[in-house]
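What follows is one structure encoded as structure tokens, with my remarks underneath.
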Amino acid sequence: MADIVFADTNLFLRYLTNDDVEQANSAEFVFKKAANGDFLLFTNVLVVAEIVWVLNQVYKTSAEDIRKGILGILNTQGIRIENEALITKAINMFVG
């Protein structure tokens, strides 16, 4: 069984915003390692809520682009998020 590693907001934000190329590349490396089964990334609803808030309020990302990013996270092999069905419903409601 692979180790379980908690993924915090910054890991996802660096990848989604690519605002620091070196950190974005490091985040992508982590996601690839998880997808290869080296470990399982786990996160929770609060992290997802923070990702949405930061992308919306700080980066002024469109609701549709936020939705695509969150759904991309949910569909990435090697990443597990608690209450995925609830998050999917909420992010679709967020877009309207």
Which pairs turn up if I take residues in the range 1-26 that are assigned to a helix (DSSP H, G or I) and look for partners that are among the hydroxyl-bearing types (Ser, Thr, Tyr) with beta carbon separation below 7 Å, at least 6 apart in sequence or on another chain? Thr17/Tyr59; Ala24/Tyr15
Would you mention how many residues in the range 18-51 are open to solvent by less than 50 Å² (accessible area, probe 1.4 Å) and either acidic (Asp, Glu) or farther than 27 Å from Asp3 by Cα (or both)? 0
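The values are calculated or read from the model by the stated rules, or taken from the named source; none is laboratory data. Note that the coordinates shown come from a computational prediction; the quantities given were computed from them, not determined experimentally. Every residue, glycine among them, receives a Cβ derived from its backbone with ideal geometry; neighbour counts consider all protein chains shown. To get the accessible areas, we keep the full protein, side chains included, count just its heavy atoms, and leave off ligands, DNA and RNA. Shrake-Rupley method; radii C 1.70, N 1.55, O 1.52, S 1.80 Å.
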